[in-house]
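Colleague: My questions will all concern the structure given below.
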Amino acid sequence: MPVSLIWLIAALALAGAEALTGDLFLLMLSGGALAAAGSSWLFAWPIWADGLVFLVVSVLLLAGVRPALKRRVQSGKGLLDPAKALEGKSALVLDRVARHEGQVKLDGEVWTARPYNESDVYESGDQVTVVHIDGATAVVSKIV
């Protein structure tokens, strides 16, 4: 079996194992094994040279690429939570909104609603603002 094929199998095994851990460590080692497979296939170097390529590329990936990837993955930056995106929007009261009842039309959809202040009551046709979303219920307040 050619040495380059062994390195390729090692790279695939490490990448597959990375899918189980999600720590990005084994993925960097997989990159090193892939580089060693490529150097073994391109050049007729002895196996210790392929091992050196594996070591150097793996260390470079671990030191240079992994921290940036981990920051990117763990930053949490992305799309807004759909419920958060509805906060502050205007809604039309469809059915009387009181402490335990009510419906509003929000972004073209009908939502159950309750007033922000439990003593408030909004009648059908009133314009309200979404204060926040609580599960599947829009908590609303009168537009001032």
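Colleague: Would you mind finding the one in Val73, Val59 that is touching a residue at least 40 places away in the same chain (Cβ under 8 Å) and farther than 16 Å from Ser141 by Cβ?
Modeller: Val73
Colleague: Could you identify the single residue in Ala91, Ala98, Ala83 that is over 15 Å from Asp134 (Cα atoms), touching a strand residue (DSSP E or B) at 6+ places or on another chain (Cβ under 6 Å) and not basic (Lys, Arg)?
Modeller: Ala91
Colleague: Taking segment 1-58 as the region of interest, how many residues are surrounded by 19 or more Cβ atoms within 10 Å (Cβ to Cβ), closer than 20 Å to Lys70 by Cβ and of a type in the set (Val, Ile, Thr)?
Modeller: Residues that pass the stated criteria total 1.
Colleague: Still on this structure, I have one more. Within segment 97-115, does at least one residue satisfy the condition of being part of a helix (DSSP H, G or I) and free of Cβ contacts under 8 Å to residues at least 40 places away in the same chain?
Modeller: no
Colleague: Also, quick follow-up: Before we move on, is Ala91 surrounded by 12 or more Cβ atoms within 10 Å (Cβ to Cβ) and either acidic (Asp, Glu) or in the same structural domain as Ile133 (by the TED database) (or both)?
Modeller: Taking the combined requirement at face value, the residue satisfies it.
Colleague: Sort out which residues of segment 116-142 are of a type in the set (D, E, K, R) and either more than 14 Å from Leu86 (Cβ to Cβ) or part of a loop (DSSP other than H, G, I, E, B) (or both), and write them in order of number.
Modeller: Those that are of a type in the set (D, E, K, R) and either more than 14 Å from Leu86 (Cβ to Cβ) or part of a loop (DSSP other than H, G, I, E, B) (or both): Glu118, Asp120, Glu123, Asp126, Lys142.
Yes or no, residue by residue, for (1) within 30 Å of Leu24 (Cα to Cα); (2) surrounded by fewer than 14 Cβ atoms within 10 Å (Cβ to Cβ); (3) basic (Lys, Arg):
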position: Asp81; (1), (2), (3): yes, yes, no
position: Ala85; (1), (2), (3): no, yes, no
position: Arg99; (1), (2), (3): no, yes, yes
position: Asp107; (1), (2), (3): no, yes, no
position: Arg114; (1), (2), (3): no, no, yes
position: Glu118; (1), (2), (3): no, yes, no
position: Glu123; (1), (2), (3): no, yes, no
position: Asp134; (1), (2), (3): no, yes, no
position: Ser141; (1), (2), (3): no, no, no
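Colleague: From the list Ala49, Ala19, Ala44, pick out the single residue that is assigned to a helix (DSSP H, G or I) and closer than 16 Å to Leu5 by Cα.
Modeller: Testing whether each residue is assigned to a helix (DSSP H, G or I) and closer than 16 Å to Leu5 by Cα leaves just Ala49.
The values are calculated or read from the model by the stated rules, or taken from the named source; none is laboratory data. From a predicted model like this one, the values you see are computed outputs, not experimental measurements. Every residue, glycine as well, gets a Cβ built from its backbone with ideal geometry; the counts of neighbours run over all protein chains shown.
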